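Colleague: Before I ask anything, let me first share the structure, which is written out below as structure tokens.
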Amino acid sequence: MAQLHVRKNPTQPSSSVSHSLHSQKPKKQALTTAMVSQYGIKYAVHIITNHFGPLVAKVCDCLLKKGPLPLREIVRYTELSETLVRNCLLVLIQHNCLQPFLLEEEGGFGEVNKVSSLYMVLFDNVLHRVRFSKFMAIVSQEFNKLCVDLIETLLQHGRLSSEQIFDGFRDSSSSGGMEALQENIHKLVMARYVERCPISEPFLALPSEEEAAPARRRGAKSAKVFLEPETLEQRVLAAAVPPEGMRFSFELNPEIGADREKAENSSTGDKRKRDALESGTDGGFVDKQVVLWRVNCEEFTRRLRHKICIEIVRTRLDDEAATVFTAMLNASRSEEKKIKTASSVPLSENSIYAEVIKSEKGRNMTLDYVISVLVGLSSSPPFVRVVDNSYSIDYKHIIEVAQTDEVESIVYKKYGKDAYRMFRLLSKTGRFLETDKVSVTPHTLVGVGLDSLSTVGLANIGISDSIFVEKKETANILSKMWQGDYLQMEKLVAGPTQFLLWKVNMINLRERVLDDMFHASLNLSLRVAYELEQQKEILHLGVDGPMKEKYEKLKKVRFLLESSRMKLDDAIMIFHDF
Amino acid sequence: MFSQSPSCRYLLSSFYLRVPAFCTGCLSGEYCNYSFFLFGSYIWCVEDDTKEPDFNSTNPASWSHGYVAPEAHQGIVSSSTYIFDVLSAGMSRLQGPSSLKRKRPELNSPVQSLTEHERILYDVIRSKQDIGIWTRDMKKEAKLPDNVVNKSLKALQVKNLIKEVVNIQNKGRKHFMATEFEPSKEISGGAWYLEGSLDTEFIESLRQLCKRQIEKKGVATLEEVTDLINSYPAFNVDVTKQQIEEILRTLIWDNAIMEVKSNGMGEFASIPFGKVCYRYVSKGGLGGEPRAGALASIPCGVCPRISRCTPDGVISPKTCVYYQKWLDF
Ligand code: SF4
């Protein structure tokens, strides 16, 4: 078995490795991936079960729970046969839900460095599978039918070579010949909706001394300055991305025949990977001959983020603001590289205006009017920031506003109006507050929570006084929210009296709400399956007479469930992807 | 809720209440001089309130017997509960202004006629001024036996030299204070408390009034809102800027208004640049309820049993009662 490669690192000849017994411990690369919550995993496994059956789901579940593993370990944990596991891995690779990579680790005690071949599930890509309809909707708004078909084909098959795409469309009437097909693929690649597949097995070298050092120093400082180190997932993905120039380059080839021949002689990248897995030889080789294409989920995620931001602006402000905001998005779109961008590039009034009048709704706006809308956009809550007469979109703030709205509306529904007020008071104040205004002076405090007080500053506002709710009732509501994990609490003992301090910890709360969202999404999906079964039974009996009404009702029920799930998925993106 | 008292500006009969309230029909900030009649849940605004209404008639207009006020002042019928709120707020504050003044003991004061024990106790209580004193502390300080203290307390109360007050910090304790003092903020709880409890009616009506003012103006400063509220004839208690600020805070927590800084342009044109003011949140949802988010709109989002709900468990989406209700249309 060659899956757990132990080989010499070409950059470090073994002769140079001569550690004394007291040398530092072998360097380990952290295997932490971004934490996925309990229901996040359950939901992802549920999606995989629905799409690829229980075996693939089992492998996926194992990798999500344990983090990246070598083949041998996956076989051990899943108790499936090796061949079966390999095939499951191939399915996941084909559908872009799995990234293999090589990880270098120091051997220690004079041994050579080890390199292991590991497999990592791409959680985000698994979730994207329920968004395919949204992706298609975006393409259909911007491109022709052929492009929509192309995207659909790619989504269905995960990754394809241009040859495979051409083959698929050979007999289709909508394709309009090879030339049109190539042109449309080219268009989609230029728009970044389609990209080259990542390197099949990127190599993660040990971080050099300089790279490792600042991370340690940062870690030692206070939490504020601490910059979150890149997760392993981010590092693997970054290493796997083809260089920018390659990623979105699609050469129009007038002689497709020649290309075809080449393809027939060589295997596709996938085939290579399959061969590699089957023969147990090195799988890290990238086939330069055959390029595989796939849908670029990142770009679609960005577009979805744009759409959601526009809707937030529309509901908070009005249609005009949304029009101007859309123009700003379009004007700055080409500059965006990441999904989690904090803000757009700064834009001048004139460049925004030039974009506004491109749209039908914006055509009747004067420059002065657009400027007044921009002023509205930049006043509280500021969705747009102004510096020296140029405007940039404050994505971070918009997303935060959306997250806060979501959490607050849950608090309102779950705990009522007074709780909603208390929650808003606490989250806007952002620090510990007492249940009511009993002056607490630091020297009278003994016992628990004292440490935390010095860092948070003493509370001098009472919640019940600020909200005008009786103390007892306030304490009641607060502790209910605390039990539901919506608040943090600290107990303080000052002599015979005990004080309770409360706080909203937005970071923890967001994670918690996101986990609930995964759970709720899973439940919606399970309920849809249940309703579908019932529908089948009715279909079996025939949809005439009394059954017709029931059938119609079931259709409505399904529609409500499905549309709720899509809306909830938007919210999941707001909390997870953006 | 209402009681008739000779000093009351409000005239109350078993059927109707005539009040110098303001008119919801012309909530323009100019207060009309018309009087209001409240009957059941109806309120009318009339021009001449000197004539007695005829409640035997089935025509609501003649219940007032006066002239029905010009149209601009008649947008009121449905708002009677609201007026009611305002009224009760005003009513609950009837004693307001006078209670703020400190009463001096009367000239032929009974202080001279105190027994020795009564005098000791009175001095202890009086020395505590507007803080007052708890009976147990009093006993300790006066060093008198329990029965003597109890007897003297009664005597002092009868002679109107001391009074029992509610201590907001500890309502269960008997707390006394010399009659000449009014309970301090620490004892009474401050302006928002009435006899030891939160004066929720007063607070709620102030909140509604402030909200309406800001809604009508779009944006307003604290000073503007305070002035407007104080010019309402219905409130015979002056509210301070600080009180209004506290009220406005609660409106912020309600997401009914938001705090913004004037940029001196557009809607802020009349407000100096950089000044903090309050803007009405027009899209705060219906009745102050926030717009339900994606999770809050489905049963699982607000489900008390979510932590025990599993795909194949006893509580599951297949058997869920909340789903049953939600999908029953
Ligand atoms: S399915 Fe029903 S029981 Fe389960 S979390 Fe949702 S609402 Fe609650």
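The values are calculated or read from the model by the stated rules, or taken from the named source; none is laboratory data. Being a predicted model, the structure only gives us computed values, none of them experimental. Quick reminder, even Gly has a Cβ in these numbers, built from the backbone with ideal geometry, and neighbours come from all protein chains shown. For accessibility, only protein heavy atoms count, side chains too; no ligands or nucleic acids. Shrake-Rupley method; radii C 1.70, N 1.55, O 1.52, S 1.80 Å.
Colleague: Within the range A:521-552, which residues are among the basic types (Lys, Arg) and more than 20 Å from B:SER297 (Cβ to Cβ)?
Modeller: If the condition is that a residue be among the basic types (Lys, Arg) and more than 20 Å from B:SER297 (Cβ to Cβ), then A:LYS536, A:LYS548, A:LYS550 are the ones that fit.
Colleague: In addition: Are there any pairs, at least 6 apart or on different chains, whose C-beta atoms fall under 7 Å, with the first in the range A:514-541 and within 9 Å of another protein chain (Cβ to nearest Cβ) and the second polar (S, T, N, Q), and if so, which?
Modeller: Pairs found: A:LEU524/A:SER564.
Colleague: Would you call B:GLU267 closer than 25 Å to A:LEU509 by Cβ and not in a loop (DSSP other than H, G, I, E, B)?
Modeller: Details: closer than 25 Å to A:LEU509 by Cβ: no; not in a loop (DSSP other than H, G, I, E, B): yes.
For B:GLU267, the condition - closer than 25 Å to A:LEU509 by Cβ and not in a loop (DSSP other than H, G, I, E, B) - is not met.
Colleague: Open to solvent by 30 Å² or more (accessible area, probe 1.4 Å) and facing chain B (nearest Cβ under 9 Å), is that true of A:GLU490? Let's see the steps before the verdict.
Modeller: Details: open to solvent by 30 Å² or more (accessible area, probe 1.4 Å): yes; facing chain B (nearest Cβ under 9 Å): no.
Here the answer is no, as A:GLU490 does not meet what is asked.
For (1) within 16 Å of the ligand (Cβ to nearest atom); (2) more than 10 Å from chain A (Cβ to nearest Cβ); (3) in a helix (DSSP H, G or I); (4) closer than 23 Å to A:PHE468 by Cα, each residue gets a yes or a no:
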| position | (1), (2), (3), (4) |
| --- | --- |
| B:LEU209 | no, yes, yes, yes |
| B:ILE214 | no, yes, yes, yes |
| B:GLU223 | no, yes, yes, yes |
| B:VAL239 | no, yes, no, yes |
| B:GLN243 | no, yes, yes, yes |
| B:ASN255 | no, no, no, yes |
| B:GLY274 | no, yes, no, no |
| B:ARG291 | no, no, no, no |
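Colleague: Among the helices (runs of 4 or more DSSP H) lying completely within the range A:76-184, list those that include at least 2 residues that are under 25 Å from the mean Cα position of the chain (by Cα).
Modeller: Working: elements: A:82-94, A:123-128, A:132-142, A:145-157, A:162-169.
Of the helices (runs of 4 or more DSSP H) lying wholly inside the range A:76-184, those with at least 2 residues that are under 25 Å from the mean Cα position of the chain (by Cα) span A:82-94, A:123-128, A:132-142, A:145-157.
Colleague: Right, here's the next one. Does A:GLU298 qualify as being part of a helix (DSSP H, G or I), open to solvent by 20 Å² or more (accessible area, probe 1.4 Å) and either within 14 Å of another protein chain (Cβ to nearest Cβ) or at pLDDT below 90 (or both)?
Modeller: Details: part of a helix (DSSP H, G or I): yes; open to solvent by 20 Å² or more (accessible area, probe 1.4 Å): yes; either within 14 Å of another protein chain (Cβ to nearest Cβ) or at pLDDT below 90 (or both): no.
So A:GLU298 does not fit the description; no.
Colleague: When you check A:PHE578 against the structure, is it crowded, with 19+ Cβ neighbours inside 10 Å, within 11 Å of chain B (Cβ to nearest Cβ) and in contact with a helix residue (DSSP H, G or I) (Cβ under 6 Å, 6 or more places away or on another chain), yes or no? Spell out the reasoning first.
Modeller: Working: crowded, with 19+ Cβ neighbours inside 10 Å: yes; within 11 Å of chain B (Cβ to nearest Cβ): no; in contact with a helix residue (DSSP H, G or I) (Cβ under 6 Å, 6 or more places away or on another chain): yes.
It is false that A:PHE578 is crowded, with 19+ Cβ neighbours inside 10 Å, within 11 Å of chain B (Cβ to nearest Cβ) and in contact with a helix residue (DSSP H, G or I) (Cβ under 6 Å, 6 or more places away or on another chain).
Colleague: Now for a separate question. Quick one: would you say A:GLY484 is open to solvent by less than 70 Å² (accessible area, probe 1.4 Å), within 14 Å of chain B (Cβ to nearest Cβ) and more than 22 Å from the chain's Cα centre (by Cα)? Full working, then the answer.
Modeller: Numbers: open to solvent by less than 70 Å² (accessible area, probe 1.4 Å): yes; within 14 Å of chain B (Cβ to nearest Cβ): yes; more than 22 Å from the chain's Cα centre (by Cα): yes.
Spelling it out, A:GLY484 is indeed open to solvent by less than 70 Å² (accessible area, probe 1.4 Å), within 14 Å of chain B (Cβ to nearest Cβ) and more than 22 Å from the chain's Cα centre (by Cα).
Colleague: Any residue at all in the range A:368-384 that is assigned to a strand (DSSP E or B), within 14 Å of chain B (Cβ to nearest Cβ), on the phi < 0 side of the Ramachandran plot and crowded, with 16+ Cβ neighbours inside 10 Å? Step through it out loud before you land on a result.
Modeller: Looking only at the range A:368-384, we keep the residues that are assigned to a strand (DSSP E or B), and these are A:384.
From the residues that got through so far, the ones that are within 14 Å of chain B (Cβ to nearest Cβ) too are A:384.
If we keep only those that are on the phi < 0 side of the Ramachandran plot too, we end up with A:384.
From what's left, crowded, with 16+ Cβ neighbours inside 10 Å: A:384.
For the range A:368-384, residues assigned to a strand (DSSP E or B), within 14 Å of chain B (Cβ to nearest Cβ), on the phi < 0 side of the Ramachandran plot and crowded, with 16+ Cβ neighbours inside 10 Å: present.
Colleague: Suppose the filter is in a helix (DSSP H, G or I) and within 16 Å of the ligand (Cβ to nearest atom); does A:ASN523 pass it? Full working, then the answer.
Modeller: Numbers: in a helix (DSSP H, G or I): yes; within 16 Å of the ligand (Cβ to nearest atom): yes.
Here the answer is yes, as A:ASN523 does meet what is asked.
Colleague: Here's a follow-up. Yes or no: B:ARG249 part of a helix (DSSP H, G or I), at the interface with another protein chain (Cβ under 8 Å from one of its Cβ atoms), more than 12 Å from the ligand (Cβ to nearest atom) and open to solvent by 40 Å² or more (accessible area, probe 1.4 Å)? Lay out the reasoning, then the answer.
Modeller: On the way: part of a helix (DSSP H, G or I): yes; at the interface with another protein chain (Cβ under 8 Å from one of its Cβ atoms): yes; more than 12 Å from the ligand (Cβ to nearest atom): yes; open to solvent by 40 Å² or more (accessible area, probe 1.4 Å): yes.
Yes.
Colleague: Okay, moving on. Please name all residue pairs, on different chains or six or more residues apart, with Cβ atoms under 7 Å, provided the first residue is in the range B:305-329 and is within 21 Å of A:GLU562 (Cβ to Cβ) and near the ligand (Cβ under 6 Å from one of its atoms) and the second residue is among the aliphatic types (A, V, I, L, M) and assigned to a helix (DSSP H, G or I).
Modeller: As it stands, the answer is B:PRO317/A:LEU526, since those pairs meet every condition given.
Colleague: Taking the condition over 13 Å from A:VAL56 (Cα atoms) and either among the polar types (S, T, N, Q) or at pLDDT 95 or above (or both), does A:ASN87 pass? Give the steps one after another, and end with the answer.
Modeller: On the way: over 13 Å from A:VAL56 (Cα atoms): no; either among the polar types (S, T, N, Q) or at pLDDT 95 or above (or both): yes.
Against the criterion (over 13 Å from A:VAL56 (Cα atoms) and either among the polar types (S, T, N, Q) or at pLDDT 95 or above (or both)), A:ASN87 does not qualify.
Colleague: Another question, if that's okay. Please indicate, with yes or no, whether at least one residue in the range B:143-154 is assigned to a helix (DSSP H, G or I) and within 20 Å of the chain's Cα centre (by Cα). It would help to see each step written out before you state the result.
Modeller: First, pick out the residues of the range B:143-154 that are assigned to a helix (DSSP H, G or I): B:146-154.
Filter once more, so that each one left must be within 20 Å of the chain's Cα centre (by Cα): none.
No, there is no match, as no residue in the range B:143-154 is assigned to a helix (DSSP H, G or I) and within 20 Å of the chain's Cα centre (by Cα).
Colleague: Yes or no: A:SER344 more than 14 Å from chain B (Cβ to nearest Cβ) and either outside any strand (DSSP E or B) or touching a strand residue (DSSP E or B) at 6+ places or on another chain (Cβ under 8 Å) (or both)?
Modeller: Yes, satisfied.
Colleague: Additional query: Which members of the range A:385-406 meet the condition of being open to solvent by less than 20 Å² (accessible area, probe 1.4 Å), assigned to a strand (DSSP E or B) and not β-branched (Val, Ile, Thr)?
Modeller: Residues satisfying the conditions are A:TYR391, A:SER392.
Colleague: In the range A:548-558, is there at least one residue being modelled with pLDDT of 90 or more and closer than 19 Å to A:TYR43 by Cβ?
Modeller: No, there is no match, as no residue in the range A:548-558 is modelled with pLDDT of 90 or more and closer than 19 Å to A:TYR43 by Cβ.
Colleague: Looking only at the range A:384-396, decide whether some residue is over 23 Å from A:ARG192 (Cβ atoms) and of a type in the set (Lys, Arg). Let's see the steps before the verdict.
Modeller: From the range A:384-396, those over 23 Å from A:ARG192 (Cβ atoms) are A:384-391, A:394; that's our starting set.
Filter once more, keeping what is of a type in the set (Lys, Arg): A:385.
Within the range A:384-396, one or more residues are over 23 Å from A:ARG192 (Cβ atoms) and of a type in the set (Lys, Arg).
Colleague: Also, quick follow-up: Is it fair to say B:VAL219 is more than 10 Å from chain A (Cβ to nearest Cβ) and within 22 Å of A:ARG316 (Cα to Cα)?
Modeller: Working: more than 10 Å from chain A (Cβ to nearest Cβ): yes; within 22 Å of A:ARG316 (Cα to Cα): yes.
Answer is yes for this residue.
Colleague: Quick one: count up the residues across the range A:509-520 that are crowded, with 18+ Cβ neighbours inside 10 Å and more than 11 Å from the ligand (Cβ to nearest atom).
Modeller: Of the residues in the range A:509-520, the ones crowded, with 18+ Cβ neighbours inside 10 Å are A:509-510, A:513-520.
Okay, now just the ones that are also more than 11 Å from the ligand (Cβ to nearest atom), so A:509-510, A:513-515, A:517-518.
The number of residues fulfilling the criteria is 7.
Colleague: Additional query: Just a yes or no: is a residue in the range B:163-178 of a type outside the set (D, E, K, R), assigned to a loop (DSSP other than H, G, I, E, B), open to solvent by 10 Å² or more (accessible area, probe 1.4 Å) and under 25 Å from B:SER113 (Cβ atoms)? Break it down stepwise before answering.
Modeller: Filtering the range B:163-178 for residues of a type outside the set (D, E, K, R) gives B:165-170, B:172, B:175-178.
Checking which are assigned to a loop (DSSP other than H, G, I, E, B) leaves us with B:166-170, B:172.
Restricting the remaining residues to those that are open to solvent by 10 Å² or more (accessible area, probe 1.4 Å) gives B:166-170, B:172.
Add one more test, that the residue is under 25 Å from B:SER113 (Cβ atoms), and what stays is none.
Checked against the condition, which is being of a type outside the set (D, E, K, R), assigned to a loop (DSSP other than H, G, I, E, B), open to solvent by 10 Å² or more (accessible area, probe 1.4 Å) and under 25 Å from B:SER113 (Cβ atoms), the range B:163-178 yields no hits at all.
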